[in-house]
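Step one of this worksheet: look at the structure below.
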């Protein structure tokens, strides 16, 4: 079964299929990849990450790759599982990823919002939020990218449970968010956090909650520009680069801002391909081209982190 | 499963704060049950909005009255969803 490898990376998959493939990858490369359960969703679905690492040691410098936090952005989850296969395939062959993994571990969470993802496949393709219940409203779910403890309930969020940017009753109220927060805080040595979204072709860095420049904005801008250039080198896909707040709009309580404010200097958000014709419904035949170009951007960032560990 | 028969996605071009402000009136109104796919942004990027079929006419009228340029980027959302679904099922079968 493992040698056949029937998983089609150029197609969208169910949660079960993604988790199965994560297990396959870990099984095929036991010295490099491990599937870890980091928590569960509101509806009690497991949350799995793949940890890629070449050496024992629980506190090696690490990178967190986050995907699928907004469930309807399917290209994010699809890019993530492709990236997982890419990492294990290229280790030992590509000098860049080989040297990155010699120095750091990579943690990849392909489906940060499992309940939302299942809901998009069974009930409503355009669902964005979690599926948690609100005690004072018939509306369901909070925006998991407004629920982090970073200027929680600030600009760009809503206290209306029916809003697509409802921040939730309190920071980390969404168990999916709390699972990631707890893991990262317990680990204590993450140096890089990258969140994959769609769509707009943007590569952004903190802050989302204020127009004030982050202390490391200049360096982050330079890294992001190099990453965007690398990404564009494959198919010419142009990304705009800048801080979240002034590139798009104010967005408080976001994962990237939380990561930065908690000592993870290299914090970025990708908004993946926008062809102008499909929105969130990017056709499956664009998965592999999107993932391939995104990988170049991710590698550029990780190489910089490798060379600038702090 | 929720269906989106007749629903369309508009890409609305906004140039500057004045047009963003006009568009925000529309987006903030509950009357048309709009789903914002890409929000108004600092760089006057286009705004993508899912418009339910029942709201197509009034939204078009509003945009015209405010001289806001737009194009229909997805004319048949349900057709796109059906195609996506078909591809997934085909892949699962294979």
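General observations
- Consider the stretch A:230-243 and keep the residues that are free of Cβ contacts under 8 Å to residues at least 60 places away in the same chain and away from every other protein chain (no Cβ under 14 Å). The one that is surrounded by the most Cβ atoms within 10 Å (Cβ to Cβ) is A:237.
- Residue among A:56, A:73 that alone is out of contact with any helix residue (DSSP H, G or I) (no Cβ under 9 Å at 6 or more places or on another chain), farther than 23 Å from residue A:285 by Cβ and either within 14 Å of chain B (Cβ to nearest Cβ) or free of Cβ contacts under 8 Å to residues at least 24 places away in the same chain (or both): A:56
- Identity of the residue in the stretch A:173-201, closer than 16 Å to residue A:62 by Cβ and in a strand (DSSP E or B), that ends up nearest to the other protein chains (Cβ to nearest Cβ): A:195
- A count restricted to the stretch B:67-83 and to residues that are farther than 10 Å from residue B:9 by Cβ, assigned to a helix (DSSP H, G or I) and in contact with a strand residue (DSSP E or B) (Cβ under 8 Å, 6 or more places away or on another chain) stands at 0.
- Residue A:39 vs. criteria more than 14 Å from chain B (Cβ to nearest Cβ) and at positive phi: yes
- Out of A:125, A:131, one residue alone is within 14 Å of chain B (Cβ to nearest Cβ) and either crowded, with 20+ Cβ neighbours inside 10 Å or without any contact (Cβ under 8 Å) to a residue 24 or more places away in the chain (or both). It is A:125.
- Against the list (1) in a loop (DSSP other than H, G, I, E, B); (2) crowded, with 16+ Cβ neighbours inside 10 Å, the condition residue A:215 fails is (2).
- Yes/no for residue B:10 being touching a residue at least 24 places away in the same chain (Cβ under 8 Å), loosely packed, with under 12 Cβ neighbours inside 10 Å and within 14 Å of chain A (Cβ to nearest Cβ): no
- For the stretch B:61-94, the candidate set comprises residues that are free of Cβ contacts under 8 Å to residues at least 40 places away in the same chain and closer than 28 Å to residue B:45 by Cα; within that set, the residue that is farthest from the other protein chains (Cβ to nearest Cβ) is B:65.
- Qualifying residue in the stretch B:44-51 (condition: more than 12 Å from the chain's Cα centre (by Cα) and either more than 21 Å from residue A:165 (Cβ to Cβ) or surrounded by 12 or more Cβ atoms within 10 Å (Cβ to Cβ) (or both)): yes
Matching residues to (1) modelled with pLDDT under 95; (2) in contact with a strand residue (DSSP E or B) (Cβ under 7 Å, 6 or more places away or on another chain); (3) within 24 Å of residue A:306 (Cα to Cα):
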site	(1), (2), (3)
A:154	no, no, no
A:157	no, no, no
A:160	no, yes, no
A:165	no, yes, no
A:179	no, yes, no
A:194	no, yes, yes
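- Counting only residues that are crowded, with 20+ Cβ neighbours inside 10 Å and assigned to a loop (DSSP other than H, G, I, E, B), the stretch A:202-212 holds 4 of them.
- Test: residue in the stretch A:277-293 that is away from every other protein chain (no Cβ under 11 Å), surrounded by fewer than 23 Cβ atoms within 10 Å (Cβ to Cβ) and part of a loop (DSSP other than H, G, I, E, B): no
- Test: residue A:246 is within 14 Å of another protein chain (Cβ to nearest Cβ) and farther than 21 Å from residue A:76 by Cα: yes
- Test: residue in the stretch A:251-272 that is within 14 Å of chain B (Cβ to nearest Cβ), modelled with pLDDT under 95 and not in a helix (DSSP H, G or I): no
The values are calculated or read from the model by the stated rules, or taken from the named source; none is laboratory data. Note that the structure is predicted; figures quoted are calculated from it, not measured. Don't worry about glycine lacking a Cβ; one is built from the backbone with ideal geometry, like all the others, and counts go over all protein chains shown.
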